[in-house]
1. Mean Kyte-Doolittle of at least -0.5 plus a Cα span of 20 Å or more along the axis: flag which DSSP H helices in the chain meet both, please.
2. Taking loop as defined by DSSP and a crowding limit of 15 other beta carbons within 10 Å, which GluC sites (Glu not before Pro) in the range 24-101 fit?
3. Gain in length, residue 141 to residue 55, computed as 0.36 nm per residue apart minus the alpha-carbon separation, to one decimal in nm?
4. Using θ = phi - 60° and the Karplus curve 6.51 cos²θ - 1.76 cosθ + 1.60, what whole-Hz ³J(HN,Hα) does each residue of the range 61-74 get, with Gly and Pro shown as x?
5. Can you give me the Cα centroid spacing of the range 76-99 and the range 146-195 in angstrom?
6. Placing +1 at every Lys and Arg Cβ and -1 at every Asp and Glu Cβ, with all other atoms neutral, what dipole size does the chain have around its Cα centre, in debye to the nearest 20?
7. Please go through the range 5-48 and write out the trypsin sites (Lys or Arg not before Pro) that DSSP classes as loop and that have at most 16 other C-beta atoms within 10 Å.
8. Skipping prolines and chain starts, which residues have an amide H placed within reach, meaning under 5 Å, of the one on residue 12, given they are 5 or more residues away or on another chain?
Amino acid sequence: MYNNILIFDIETKKNNDLVDLIPLPKLKEAPKNYKDQSKIDAFEASAIVEQECMILEQRSRMSLDVDFAKIACIGIATSFEPSSRLVLMCRDLKEEIDALKKFWSYALYCNLIGYNIIHFDLSIIMRRSMMLGVRPSFLLEQNRAKYTDNIIDLQLKLYNNGYVTNMNNQKPFARKQEAICKILGIENPLIGIDGSMVKNMTDQELFDYNMNDLLLTQQLAAKMQGYYF
């Protein structure tokens, strides 16, 4: 049984202030053996279209990038009880800074629990804290985080750090939290809604979505306790 727990989950959006800093994908050049100018022109035109599509794809995935994401909200819970859930909204830079300060205050001396928190949530929280000048309440060695007793990444626990048997023989491998919750019989009140929709959510929709993610994480952690930690 773990005491002093902090279950958490973040939602992210792309940081529009950093769009111009994204390295451009390389523009393909026409093969050297092309001699016909019309073929060269057609190839170059196609290459420009391909590059533009790649740029759009990059921008659509900025919210998943540790350097180009910003935090939209941080959900925290101090127990497995649904009533302990709290969502810290980050509608502007000041709110993001305040949310980070509160997170680190809550996190001190706690066992941190979440799904994919080492590779995603904690990585972005640490990066945004550094970028915004928010001091963490403790130092986190990310290369050792998966071996730290007080950081319980439910995804890594369930899937043996990504190396577990699966039908596709894929390694590393892990399922999304919504999928494993369904398999384990944990009801999801917001079926059909996922993180890709965050960018278009209203504040209330974002709040509700994060609260739901927290609820799933609480229930999953409670179910795993005694088996995986």
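1. Working: long enough: 37-60 (34 Å, -0.20); 93-107 (21 Å, -0.45); 203-224 (31 Å, -0.37).
Span-like helices, by this rule, are 37-60, 93-107, 203-224.
2. Values: sites: 29, 44, 50, 52, 57, 95, 96; in loops: 29.
Sparse-neighbourhood loop GluC sites (Glu not before Pro): 29.
3. Going from the current span to full extension adds 27.7 nm.
4. These are the phi-based 3J(HN,Hα) values: 10, 4, 5, 9, 9, 4, 8, 10, 9, 10, 8, 8, 6, 10 Hz.
5. 23 Å
6. Details: 27 positive and 29 negative charges, 125 e Å.
Around 600 debye, computed over the chain.
7. On the way: sites: 13, 14, 26, 28, 32, 35, 39; in loops: 26, 28, 32, 35.
Those satisfying the criteria are 26, 28, 32, 35.
8. Here the answer is 72, since their amide H atoms fall under 5 Å of that of residue 12.
Read-outs throughout are calculated quantities, based only on the coordinates presented, and are distinct from any laboratory measurement. This structure is a prediction, so every number in the text was calculated from the model and none was measured. Don't worry about glycine lacking a Cβ; one is built from the backbone with ideal geometry, like all the others, and counts go over all protein chains shown.
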